Amino acid sequence: MSLAWILLILSGMLEAVWATALDASKGFRRFWPTAVFVVSYLASLAGLAYGMTQIPVGTAYAVWVGIGAVLTAAWAMLTGADRASLMRVVLLAGLIACVVGLKAVS
């Protein structure tokens, strides 16, 4: 796996961090969640930008968003912020399969 793919995957993981921190910041009214948001957001975008230097834009963006969406939703279900259900888990598994499929065909 190339450095571009590794950084893209890590950047997708950081997308979940910044999305969660954004919610915790309560509209940027809380300092530490806002600081975590800013740092993780910038690092996530930097990794996405680097990934796009070697991975086609459509694939890179879909993988980045997919990883971030799955991890954000999973974290919300684990912490009780969102209701967990079998259908949600199945749909998230479908997203994971799509992300893996995009990597496989790249």
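Below are the figures for this structure:
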{"read-out": "Highest average packing first - 71-77, 14-20, 2-8, Cβ atoms within 10 Å", "value": "14-20, 71-77, 2-8"}
{"read-out": "Note, ³J(HN,Hα) from phi for the range 87-94, Karplus 6.51, -1.76, 1.60, rounded to Hz, x at Gly and Pro", "value": "5, 4, 5, 4, 5, 5, 4, x"}
{"read-out": "Cα extents of the range 1-54 along the three principal axes, largest first (Å)", "value": "39, 13, 12"}
{"read-out": "Size of charge dipole - the chain - debye, nearest 20, with Cβ of Lys, Arg +1 and Asp, Glu -1, no other charges", "value": "200 debye"}
{"read-out": "Cβ-based exposure ranking for 96, 67, in which fewest neighbours within 10 Å come first", "value": "96, 67"}
{"read-out": "Rounded to whole Hz, the Karplus (6.51, -1.76, 1.60) HN-Hα couplings of the range 58-64, x for glycine and proline", "value": "x, 5, 4, 5, 5, 5, 4"}
{"read-out": "Whole-Hz ³J(HN,Hα) from phi, Karplus 6.51 cos²θ - 1.76 cosθ + 1.60, for the range 76-83, glycine and proline x", "value": "4, 5, 5, 8, x, 5, 10, 6"}
{"read-out": "For the range 1-100, convex hull of alpha carbons as volume per residue, Å³", "value": "96 Å³"}
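Each reported figure results from applying straightforward, stated rules to the coordinates on display, with no laboratory input. For clarity, every value in this text was computed on a predicted model and none was experimentally measured. All Cβ positions, glycine included, derive from the backbone under ideal geometry; neighbour counts span all protein chains shown.
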